[in-house]
Amino acid sequence: MEDNLPVNVREYQELAEKALPKMYYDYINGGAEDEHTLRENIAAYGRILLRPRVLIDVSKINMSTSLLGYDMSSPIMVAPTGAHKLANPEGEVATARAAAACNTIMVLSFASSCKIEEVASSCNAIRFYQLYVYKRRDVSATLVRRAESLGFKAIVLTVDTPVLGRREADIRNKMIFPQPGNVVDLMSLDNDLGAEGGSKLEQFARETLDPSLSWKDVEWLKSITSLPILLKGIVTAEDARKAVEAGAAGVIVSNHGARQLDYAPATISALEEVVKAVAGAVPVLVDGGVRRGTDVFKALALGAKAVMVGRPVFFGLAARGEAGARHVIEMLKNELELAMALCGCRSVAEVTRAHVLTEGDRIRALL
Ligand code: HOC
């Protein structure tokens, strides 16, 4: 065991900041415009208090759960984030191995540095595949078929990115985004995107992403794959109900790590509205702002089946490669176990709405 290992996600973030070139750290850490939602994703967790129950035998804690029939050792999954080779030369192969070691599900980003085949053959992690719908539908369809044939278990369709959000750090840094490893052989792109400066990621997105994406495309996606489809990027009851009607196998409450629409609600604040709207028809996941096991506990109490963790895993990867990514997931698991013990919950099923006090609860109590 190395000496002086980080003891929490924040310390991994500090190491990642030191390890990464500024352009890449800003890319992964940054959010849209004023970064209000970026701050809120974390701050809103801080406004939720815990209501521990005592004198319950917590000598055995079982954090295991399952999603779409796949078992996980805890409700902590790896969220899709792009370009892991910016963090470590092994890229998503290292992340997938970390996920496999922690017995959890990794959602591989469409914008992964590593090819989907490399990730699939690297280990036996359960994997879902995150998809953007390109103007070139054939490119998206080819990637879906690849994922299916390589044993990926679900498609996670990102629905909050018809166009890319305005990330001012990337504009300032003239962010250069490496072409996703899975797309290079499928379409030719101008390698000199943005010679005039500004965010080259934004220009890349403008060339590729389809802003006409609509509910009809969920139908299209269903017609080309037999895999379950989860919709990622839903923060309202209205869209959650539409997702269920459209046949989604799951809903992911996400604001894209606050990288798209600034002043969108913090995901933990939107979670309960979505959970109520879905009414148990499909599992609801949440990502954005999870930095502590107590955050995971709060999300479970508000009805999430599991959380997805993006930046913390990227920070772990940047700081210490595969071992760092694994350690981040393990730390969060250990923290969740502690929170469950101290709240008197022996299984994830025992974590209930009565274990948290939200801002809304406090306001209602005063009325
Ligand atoms: C395919 C163009 O999700 C981010 C990532 C990558 C977006 C790539 C869009 O930066 O939010």
Among the residues of region 52-66, the number that are part of a loop (DSSP other than H, G, I, E, B) and surrounded by 12 or more Cβ atoms within 10 Å (Cβ to Cβ) is 7
**Prompt:** Does ASP34 satisfy the condition of being part of a loop (DSSP other than H, G, I, E, B), open to solvent by 70 Å² or more (accessible area, probe 1.4 Å) and either within 26 Å of ALA264 (Cα to Cα) or of a type in the set (A, V, I, L, M) (or both)?
**Reply:** yes
Of the residues in region 74-111 that are in contact with a Gly (Cβ under 6 Å, 6 or more places away or on another chain) and over 24 Å from LYS305 (Cβ atoms), the one that is nearest to the ligand (Cβ to nearest atom) is ALA111
Original post:
Quick check: is even one residue across region 63-85 closer than 18 Å to GLY165 by Cβ and in contact with a strand residue (DSSP E or B) (Cβ under 7 Å, 6 or more places away or on another chain)?
Top reply: yes
When every residue in region 1-24 that is in a helix (DSSP H, G or I) and without any contact (Cβ under 8 Å) to a residue 40 or more places away in the chain is compared, the one farthest from ALA318 (Cα to Cα) is GLU11
Looking across region 110-128 at residues that are under 21 Å from ILE329 (Cα atoms) and without any contact (Cβ under 8 Å) to a residue 60 or more places away in the chain, the single one that is most open to solvent (accessible area, probe 1.4 Å) is ASN124
Taking region 40-51 and keeping only residues that are assigned to a helix (DSSP H, G or I) and in contact (Cβ under 8 Å) with a residue 12 or more places away in the chain, one is left with GLU40, ASN41, ILE42, ALA43, ALA44, TYR45
Per the filter on region 340-367, residues farther than 20 Å from ALA270 by Cα and of a type in the set (Ser, Thr, Tyr) are SER347
GLY316: passes all of (1) out of contact with any His (no Cβ under 8 Å at 6 or more places or on another chain); (2) surrounded by 20 or more Cβ atoms within 10 Å (Cβ to Cβ) but (1)
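What do you reckon, is SER140 buried (at least 18 other Cβ atoms within 10 Å of the Cβ), within 11 Å of the ligand (Cβ to nearest atom) and in a loop (DSSP other than H, G, I, E, B)?
no
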Of the conditions (1) closer than 20 Å to ALA304 by Cβ; (2) among the hydroxyl-bearing types (Ser, Thr, Tyr); (3) touching a helix residue (DSSP H, G or I) at 6+ places or on another chain (Cβ under 6 Å), the single one that SER122 does not satisfy is (1)
Taking region 177-206 and keeping residues open to solvent by 80 Å² or more (accessible area, probe 1.4 Å) and at pLDDT 85 or above leaves ARG206
Selection from region 278-300 of residues open to solvent by 10 Å² or more (accessible area, probe 1.4 Å) and more than 17 Å from the chain's Cα centre (by Cα) yields ALA279, GLY280, ALA281, VAL282, THR294
Filtering helices (runs of 4 or more DSSP H) wholly in region 214-287 for at least 2 residues that are of a type outside the set (Gly, Ala, Ser) and closer than 23 Å to GLY82 by Cα gives 215-224, 267-278
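The values are calculated or read from the model by the stated rules, or taken from the named source; none is laboratory data. All values reported here derive from a predicted model rather than from experimental measurement. Here Cβ is always computed from backbone atoms with ideal geometry, including for glycine, and neighbour counts include all displayed protein chains. For the accessible areas, the whole protein counts, side chains as well, though only heavy atoms, and no ligand, DNA or RNA atoms are used. Shrake-Rupley method; radii C 1.70, N 1.55, O 1.52, S 1.80 Å.
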